[in-house]
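The values are calculated or read from the model by the stated rules, or taken from the named source; none is laboratory data. Remember, predicted model here, so these are calculated numbers, not experimental data. Note that each Cβ is placed from the backbone with ideal geometry, even for glycine, and that neighbours are counted across all protein chains shown. Ligands, DNA and RNA are excluded from the accessible area calculation, which covers all protein heavy atoms including side chains. Shrake-Rupley method; radii C 1.70, N 1.55, O 1.52, S 1.80 Å.
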Amino acid sequence: MQYKNLTYGIIPSFILLSSSVMGAEYLVDADFSPTLKYDDNVELREDKEGSFSTEITPTLFLSRTTEDTFLGLDAGYRIEKFTSLSELDRQDPFVLFSSSATHERSEFGLDAQYSERAQRTIAEEDTGDFASDATVTTRSIAPRYQYQLTARDFIYTNLSYQERSYDEDQFLDNDTYVMTGGWRRVFTERLTAGLALTYIDYEAEAVNRTSEYEAYNLNVTSTYRLSELWSLAGQVGYNTLDSENTIINGPTFKDTSSGMLYSLSAIYEGDLNNVSVEIAKALNPSGEGVVNEQESITVDWQRRIADQLNFGLRASYQETTAASDFDNTDREYMTFSPSLRWQFEENIALNMGYLFRKQEGDTVQDAESNMVFVTLNYDWGGLLYSR
């Protein structure tokens, strides 16, 4: 499989860097955490089909940490087994690599991943097609760099490349390039703010169609600590989007649009309650061969009921529309999920919960589902040693 090439390329680098510097701390860890669930509408379709299922993600973690560097590697499989819909059974590999290095005035980082997923498991962020079991193969790499100009001023750049390919012709293979350059300043102990300029290039190709989208976004960024309990963060910017869609041996359609994009969050961290609220409007590349606008709001509340018992509540609403005039996307998606976590041993916890999902719109099937789940979390703690 192609993911092995990424693994074989990363592991030698991991070993080489690990052996080049003394005084490092090494960690070998693993995770299993099986989930049992019942969903009365697994594929979120008008004609419901329910099933019990088991989801297991055996994962191996390797990391190396020194005073100024970090290397981490996660590798494993996502395994799904269904009792009534055995045609949806899957075993999907994934590999995640992360690294960072800090020097006197600069910081460098690099993240990379390879993963295979069912289209229905990422439909919320991709095409909205929860009924498709097509395999989506994702490859990405993202370097980043920051330099401290003065005691208060920093400049940075973030780059990323993501490639998604599908094994069914109804979706378009696509590439997304993102480049951000910015400046931020620490004005006070509570306030940090700055400017960022982002360029996005999205390209998709099918047998009879190609599309390309270019976006420029100028943002004002800020974080503010209101108190020991409350903090705010966000960015607001103006965006322009140029799009070009070409039908092979046919016409080419061009369009230009502009508007505001934003991401704003508020976080409360107390002794008994943790609450976060986030609202956002962002561009969302899709396997449909288009770039959409996605507006969303997410609320997450965690409440400690007792020393070993916590209650959680997460709700979200998302509206996805076409970013250009000749595209046709219109859907709404919402979730509501209360849960309980029982930490009955220091390294063993039981999560129990309910998830409601609903999707509707002009370009999707109107459907909803109800799911109950139980997850057993086991924290092995791993093997830690220094050299």
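Data for the structure
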item	result
Rel. contact order, % - alpha carbon contacts under 8 angstrom, at least six apart, segment 174-323	15 percent
Length-normalised contact order of segment 242-387 in % [C-alpha pairs under 8 Å, at least 6 apart]	14 percent
Cut-off 14 Å (backbone N to label point 7 Å along Cα→Cβ of residue 317), residues of segment 294-309	295-299
Accessible surface of segment 160-236, 1.4 Å probe, proportion on carbon and sulfur as whole %	56 percent
Sites residue 298 and residue 187, calculated FRET efficiency, Cβ-Cβ separation with R0 25 Å, nearest 0.05	0.35
Spherically averaged projected area of segment 322-387 from its Cα convex hull (nm²)	9.1 nm²
Three semi-axes of the equivalent ellipsoid, segment 102-222, Cα gyration tensor, whole Å, largest first	36, 15, 14
Normalised per residue, the volume of the convex hull around the Cα set of segment 114-175 (Å³)	98 Å³
Residues of segment 45-85 with amide N under 19 Å of a point placed 7 Å along Cα→Cβ from residue 354	50-53
Values of log10 I(q)/I(0), in the order q = 0.12, 0.20 Å⁻¹, for segment 72-142 under a Debye, Cα-only, solvent-free model	-0.45, -0.89
Estimated inter-spin distance, residue 86 and residue 25, nm [label 7 Å along Cα→Cβ]	4.8 nm
Exposed chymotrypsin sites (Phe, Trp or Tyr not before Pro) absent: longest stretch of the chain, with sites in DSSP loops and at most 14 other Cβ within 10 Å deemed exposed	33-186
More than 23 angstrom apart: percent of Cα pairs within segment 16-145	48 percent
Computed over segment 275-387, the ratio Rg/Rh where both radii use C-alpha atoms and Rh is Kirkwood	1.13
Per principal axis, descending, Cα span of the chain in whole Å	63, 53, 46
At R0 = 41 Å, FRET efficiency that the Cβ-Cβ distance of residue 67 and residue 260 yields, to 0.05	0.45
Reachable lysines, given that their alpha-carbon falls under 17 Å from the alpha-carbon of residue 358 and they are not under 8 places away in the same chain	48
Hydrodynamic radius by Kirkwood, which averages 1/r over all alpha carbon pairs of segment 271-339, in angstrom	14.0 Å
Alpha-carbon spread of segment 195-335, three principal axes, descending order, Å	67, 32, 18
The chain: calculated mean residue ellipticity at 222 nm from DSSP helix runs of at least 4, using -39500 (n - 2.57)	-1500 deg cm²/dmol
Loop sites in segment 306-358: GluC sites (Glu not before Pro), DSSP, at most 14 other Cβ within 10 Å	346
